[in-house]
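Have a look at the structure below, then the notes.
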Amino acid sequence: MEELAASKRGTWWQERAPQIREFKFTLYLLRQSPLVVVGFALIGLFIGVALFAPWIAPHGPEERFWQLPQQPPSWEFLFGTDTTGGDIFSRVIWAARLDLAIALTVVMSAIIIGSVLGSVSGFLGRAFDEILMRITDVFLAFPALILAMAVAAALGRNLTNLTIALIVVWWPTYARLIRGQVLAEKEKLYVDAARAVGAGPRRIIFRHVLPNSIFPIIVQATLDLGGVILTAAGLSFIGFGAGAGVAEWGLMIADGRSYLFQSPWIATFPGLAILFSSLGLNLVGDGLRDVLDPRLRR
Amino acid sequence: MRWWADVRLRHYVIRRLLLIIPVLIGVSMMTFTLSHVIGDPVAAYITSQEVRLSEEQLRKIVVAHHLNEPLYVQYFYYISDLLRGDWGISRTDSDRPVTESIQHYFPATAELSMVSMIFALALGIPIGIISAVRKDKPADHVTRVFSLVGVSMPVFWLALLLQYAFYYQLKIHNLPSLPSGGRVDQFVWLDHPLKVITGLYTVDSLITGNFAVFFDVLAHLILPGFALSYVFMAVFVRMMRSSMLEVMRQDYITLARSKGLSERVVIYRHALRNAMIPTVTVAGLAFGGLLAGAVLTETVFSWPGIGRWSTSAIVRDDIASIMGFMLIIAVVYMLANLIVDLLYAWIDPRIRLG
């Protein structure tokens, strides 16, 4: 039996040929949509900027030209300077690092917590499932921003707590999504087959069910990354999150707000950064959803 | 009440109503926990004048609200206080009871949210229809970009841009400009005092025939209303587009076409009505998000609603106001969801089978 299985098993890519073909087809479909291509370009731009910030940014995030506050955009300061003489162009670049890192941390943590709780819930069912679902009901009974506000207020206003607050807000979405996936996949024939050859529940969840649910999770995660960037910026705009002077998009807009009429560029450029990073993610997420939805493939 | 005779629908309604109870209990547990995490819960019952309390006075308050007892007993008294309408004292709002503050600030937020909802529906639905009817044509691409930009737009930043363009730029060019914040101009208010009945100034001014205030209030609503509505307009455009496309594939649309009906009649008489159902339900769900967006919009436009009240409460660690705000938002959000679910079950019989 063992030998038979071994002889039938090809190399890794041969074994997964159908999945690879499916993936290539998906990529092909994605390339057909100019909007998705623009989205990928925007995401690539922001990731590049975040990764190479020290080389791209002409000045440090906390560097100040005290004698040159509120300078309009010029060749020296591409996006102008803020109220304390910080170079806005450099600060927007450094902030990309911070904001993308927050968004990634939040969504990854939410996926991990959600996968564990959601798949256990979907697999065990019964009391555990009912209790977990009622708990997610409570979390989802608040709009995201407002729950995050309250949690951040309870923990204390700083960046770490802001991130924790956002994780607290976002995990129920994934717990429910993955529970739904598990419930749907659990009934399928291949799970029966896996169980028949003696696979335990943990193996079935992690080796069979989760890999088959990966696409809906990716779509949700792409769209949520944009949502987290917006929510984090909104929270830091009203005074949660980073302390004064830190290069963070929402906070930079809050600083520019008091001088909106004299120096509109202070608030404008960080806002554009939020808009375009979030737009890139939404374009790709939206395109992915269309491509992966068989009803819309026609 | 013929629908009540339908056993499945009746069961669904009862189950849906009963599900509110555990959520309400959970929500109250959450605010209760938060009040213990933020600081000493006794702070909820102390006014800002009483900051220098003697030990004796403090003990009186602690005993009066049972804060010296075990946690589960405290929770019990917390619930009974809530039910009696004692939600603590809002230090942010000059030591008024929290329930009074909510009554005072909520209508402003409700008015802003409703105006935004009207903007969003009035613009979003037609744009969504155009996008679906002209699928994959330039008009479709433009509306898709327009709606995706809306979803990606930081609402507070859009609010600032609108202020800059329609208040500041118009003003410095001596053109008629829109107000940059507040609900009503003080001078208009002084000349034409408004008798507040519902707290919704547009309604109150119309009832009392106070047109000077009515038009001023409308002018104040335009910018914050539009800023808040853009995100939701985008949601409606997407929803309307996809449900319209879904409906257009149905057999009865092909039948209507094959009967020789004009495309206009097919779209507006047959497709639109069915495509509206999911959009209307999304409108209900969006109401909660609208309340959240209102927090940011109110901050930028100095709009005297519960959103601005709550942000100033958080800055001052005003526990009672924060909890009151959380509770009221959760209740409103939950009621909106409930109404949507019930409407949906009533409209679409397939839901009841689930």
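Take the Cβ atoms of B:Glu55 and A:Glu187, set R0 to 60 Å, and the FRET efficiency comes out at 0.40.
Here the Gaussian network model covers chain B, with springs between Cα atoms less than 10 Å apart; of B:Ile14, B:Ile61, B:Ile329, B:Ile14 fluctuates the most. As a ratio to 2.2 N^0.38 Å, the alpha-carbon radius of gyration for the stretch A:148-232 is 1.44.
The residues B:Met30, B:Met276, B:Met240, when put in order of fewest to most other Cβ atoms within 10 Å, stand as B:Met276, B:Met30, B:Met240. Measuring max minus min along each principal axis, the C-alpha atoms of the protein assembly as shown give extents of 84, 66, 61 Å (largest first).
Here chain A is assigned +1 on the Cβ of each Lys and Arg and -1 on the Cβ of each Asp and Glu. Its dipole about the Cα centre then comes out at about 1040 debye. When the C-alpha to C-alpha distance is required to be over 31 Å, the pairs from A:Lys24/B:Lys259; B:Lys137/B:Lys259; B:Lys137/B:Lys171 that qualify are A:Lys24/B:Lys259; B:Lys137/B:Lys171. Peptide A:151-158 shows a mean partner chain C-beta count of 4 within 10 Å per residue C-beta. FRET efficiency for the pair B:Arg249 and A:Ile112, taken as 1/(1 + (r/R0)^6) with r the Cβ-Cβ distance and R0 = 56 Å, rounds to 0.90. Of the residues A:Val116, A:Val138, A:Val151, the one that moves most in a GNM of chain A with alpha-carbon contacts below 10 Å is A:Val138. What is the helix-to-structure angle for B:211-248, meaning the angle in degrees between its Cα long axis and the longest Cα principal axis of chain B, kept from 0 to 90 and rounded to the nearest 10? It works out to around 50 degrees. FRET efficiency for the pair B:Ser258 and B:Thr99, taken as 1/(1 + (r/R0)^6) with r the Cβ-Cβ distance and R0 = 45 Å, rounds to 0.15. From the largest down, the stretch B:156-274 spans 64, 34, 23 angstrom on the principal axes of its Cα atoms.
Share of Cα-Cα pairs in the stretch B:242-318 beyond 15 Å, in percent? The answer is 67 percent, as a whole percent.
Across the stretch A:152-298, Cα-Cα distances exceeding 28 Å account for 41% of all pairs.
The angle separating the long axis of helix A:126-140 from the principal Cα axis of greatest extent in chain A is about 20 degrees. Mean-square fluctuations from a GNM of chain A, with a 10 angstrom spring cutoff on Cα atoms, peak among A:Gln70, A:Gln220, A:Gln19 at A:Gln19. Ellipsoid fit via the Cα gyration tensor, chain B: semi-axes of 42, 30, 17 Å, each the root of five times an eigenvalue, largest first.
Here is the P(r) of chain A: all C-alpha pair distances, binned every 5 Å from 0, give 1, 5, 10, 13, 14, 13, 12, 10, 8, 6, 4, 3, 1, 1, 0, 0 in whole percents.
Against the main long axis of the alpha-carbon atoms of chain B, helix B:55-64 sits at an angle near 50°. Our Cα-only numbers for the stretch A:73-123 put the radius of gyration and Dmax at 19.4, 60 Å. Residues B:Val62, A:Val209, B:Val196, arranged from fewest to most other Cβ atoms within 10 angstrom of their Cβ, appear as B:Val196, B:Val62, A:Val209. The ranking of B:His11, B:His270 from fewest to most other beta carbons within 10 Å of each one's beta carbon is B:His11, B:His270. Computing Rg and the Kirkwood Rh from the Cα coordinates of the stretch B:63-118 gives a ratio, Rg/Rh, of 1.18.
Readers should treat all values here as calculations from the given coordinates under stated rules, not as data from a laboratory. As the structure is a prediction and not an experimental result, all values here were calculated from the model. Glycine also receives a Cβ, built like all others from the backbone with ideal geometry; neighbour counts cover every protein chain displayed.
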